[in-house]
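Read through the structure below, which is laid out as structure tokens, and then see the notes.
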Amino acid sequence: MSEELANGAAAPEATGPVFTVEKVYVKDVSFEVPGAPGVFNEQAQPQLQMNLQQAVQRLNESAYEVVLGINLTCAIGDKSIYVAEVKQAGVFGLAGFDAAALDGMLGVHCPTVLYPYARQLISDLIQAGGFPPFFLQPINFEALYAEGLRQRAAQQATDGASLAGAETAGNA
């Protein structure tokens, strides 16, 4: 049964792959200033360290939850100034993709949708924590995904060579 548009015309049937953003939400957030209020008097140049994680969970045949985790630590020497941790999540509808394209959508396009939300939240947390505004730089998730694929291929080649060598040695 086809749906009708407002003008009475029938909506076109979906053909090919379909990508939808169903929901974007904050799954977890934490902000700590362990040395407050003393850290506000620090005059040295702080060092920032950012860790990025991604998790994907299949919810049903065509829905996936993607969680983009960002941990940002600001320190002077071995003293933490602040730690911001955000897990920005989304539910995405993906249908009609082959396995490789689905992997690419989950690894590139979904985190690209989530990142601006996480970036803004981290900026707001840092400013609310009493520090100057800070904006994370844009991230090229396509390049990160390509590097991940390259590392997986190298690991599989190494594992395959180890297995082949083990089989040969076992048969000798």
Within the range 86-102, what residues put their amide N at less than 19 Å from the label point 7 Å along the Cα-to-Cβ vector of Q57? 86-94
Straight-line reach only, C-alpha to C-alpha below 26 angstrom: list the lysines that K79 could link to, leaving out same-chain residues fewer than 8 apart. K87
Over the range 16-66, what percent of the accessible surface lies on carbon and sulfur atoms, probe 1.4 Å? 47
Treating only the Cβ of Lys, Arg, Asp and Glu as charged (+1, +1, -1, -1), what charge dipole size does the range 70-160 show about its Cα centre? Round to the nearest 20 debye. 180
Got a number for carbon plus sulfur as a percent of the range 83-148's accessible area, 1.4 Å probe? 61
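The values are calculated or read from the model by the stated rules, or taken from the named source; none is laboratory data. Here the structure is a predicted model, which means the values were calculated and not measured. Note that each Cβ is placed from the backbone with ideal geometry, even for glycine, and that neighbours are counted across all protein chains shown. Accessible surface areas use protein heavy atoms only, side chains included; no ligands, DNA or RNA. Shrake-Rupley method; radii C 1.70, N 1.55, O 1.52, S 1.80 Å.
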